[in-house]
Each structure stands twice: as structure tokens, then as C-alpha cells.
Amino acid sequence: MSEVDREGRRVPLWVLNAKEEKEARVNLKNMAYEQCGEFVKAMADCAKQNGLRVFPACDKQKEKMGECLLFYQTDPKYLDHERDMIVQKRIARLEEQVKKQQQSSH
């Protein structure tokens, strides 16, 4: 299966457009923050307690949060997973369109 891009060219179904690629990266960022929630919360709590002295006082929390976020954001398998999810949605949408076309032709 393939889709037609703006220029009328057929592209493979698994090729994401710029909007979908951005969506995958936003989804990855959100997933990383969910997975690292305890470290993000620790950093936020430390920042609330220390105000303007946040960086010298919260270096340990910042480092742990950064390590966790980078773990998810730099390993390509997590971004690939988010891309795969978008492709699966696209496939489901196309299957639904085909099903509707088949029903309307009968």
C-alpha cells in the first residue's frame, strides 16, 4: 500500500510526513516525561524549595532527571515505536476507508 503526497507522487505507507514526524517526537517527549515522572517531580519539588538557588541546590536531581530523559530520547527504538504507532493509525484509517468504499459499492 502507498499514499499520494502533495506533489501527486506515491510514497510508501511507512514514510511519515513532517507533521507526523513532529507528532512522533512530541509523543516520545511525553512518554519520556511519563517514564521519568519521579525524577521530574523530584526536580520540580527541589526547585520550589530553593527558588533562585535552584541550580546549585538541585544539581543532583537535575542530573538524574536529565539522564532518565536522555535514556528514552536518544535510544532510537523508542522513537521508532512512536513512528510505528502513527503508521498503525494510518493503516487502520486506510482499512476503514476501504471498508466504507466496499460497503457503498454493494
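Full extension of the chain between D45 and V98 gives 14.0 nm of extra length, using 0.36 nm per residue less the Cα-Cα distance. Each of (i) 0.91; (ii) 1.16; (iii) 1.24 is a candidate for Rg/Rh (Cα atoms, Kirkwood Rh); the one calculated from this structure is (iii).
Sorted by accessible area (1.4 Å probe), largest first, how do E23, E38 line up?
E38, E23
Taking all protein chains together and rolling a 1.4 Å probe, I91 ends up with roughly 40 Å² accessible. To the nearest 10, the accessible area of D80 is 70 Å² with a 1.4 Å probe. Accessible surface of the range 54-105, 1.4 Å probe: 53 percent of it comes from carbon and sulfur atoms. Under a model in which nothing but the beta-carbon of Lys, Arg (+1) and Asp, Glu (-1) is charged, the chain shows a dipole of about 260 debye around its Cα centre.
Listed by chain and number, the lysines placed with their C-alpha closer than 18 angstrom to that of K48 are K60, K62, K64; residues fewer than eight positions away on the same chain are left out.
Does the range 8-60 come out rounded, prolate or oblate, given a ≥ b ≥ c as the square roots of the eigenvalues of its C-alpha gyration tensor, rounded meaning a/c under 1.5 and, failing that, prolate meaning a/b above b/c? It is prolate, given that a/c is not under 1.5 and a/b is the larger ratio. Residues in the range 84-93 carry Karplus couplings, in order, of 4, 4, 5, 5, 4, 4, 4, 4, 4, 5 Hz; the curve used is 6.51 cos²θ - 1.76 cosθ + 1.60 with θ = phi - 60°, and Gly or Pro positions show x.
The dipole here belongs to the range 21-73: it is taken about the Cα centre, uses +1 on the Cβ of Lys and Arg and -1 on the Cβ of Asp and Glu, and is about 200 debye. Computed from backbone phi with θ = phi - 60° and the Karplus coefficients 6.51, -1.76 and 1.60, the 3J(HN,Hα) list for the range 47-56 is 4, 5, 6, 10, x, 5, 8, 4, 6, x Hz; x is used for glycine and proline.
The values are calculated or read from the model by the stated rules, or taken from the named source; none is laboratory data. For clarity, every value in this text was computed on a predicted model and none was experimentally measured. With ideal geometry, Cβ positions are generated from the backbone for all residues, glycine too; neighbour counts draw on all protein chains shown. Ligands, DNA and RNA are excluded from the accessible area calculation, which covers all protein heavy atoms including side chains. Shrake-Rupley method; radii C 1.70, N 1.55, O 1.52, S 1.80 Å.
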